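Colleague: Dropping the structure in here first, questions after.
The values are calculated or read from the model by the stated rules, or taken from the named source; none is laboratory data. Predicted model only: the values in this text are computed from it and were never measured. Cβ coordinates were reconstructed from backbone atoms using ideal geometry, including for glycine residues, and neighbour counts include every protein chain displayed. For accessibility, only protein heavy atoms count, side chains too; no ligands or nucleic acids. Shrake-Rupley method; radii C 1.70, N 1.55, O 1.52, S 1.80 Å.
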Amino acid sequence: MKRKTLVDAALEGAKLRLRPILMTSFAFILGCVPLWTATGAGSVARQVMGTTVIGGMVAATGIAIFIIPALFVLVERLANRRGAAHSSAVPQPSPSEAD
């Protein structure tokens, strides 16, 4: 089995997560449309709440789709770099000491 590069793994994960993220986000956003289009008594408070919730969901969706995979790659590279620095600093026992 061929090993994937870090970027390939992040892209595959992003592709697998795209549909569930979009479906959940759109369902929640469409559920908030009545708040956004409210009329009557107290409608301004509902409109403000709807606008805020919809805007937040759009932002969260964008973050989940684009920024999370990029952060995954960044954190993994930093962890691999740190792990390589720590593993080279640890002295390895010689074969005679291991017995």
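Colleague: Residues being open to solvent by 100 Å² or more (accessible area, probe 1.4 Å), under 14 Å from the mean Cα position of the chain (by Cα) and over 27 Å from L78 (Cα atoms): count how many of those fall in region 1-59.
Modeller: Total satisfying the criteria: 1.
Colleague: Given the conditions (1) open to solvent by less than 70 Å² (accessible area, probe 1.4 Å); (2) free of Cβ contacts under 8 Å to residues at least 24 places away in the same chain; (3) of a type outside the set (K, R); (4) closer than 20 Å to D8 by Cβ, report the number of the one that A64 does not fulfil.
Modeller: Only one criterion is unmet by A64, namely (2).
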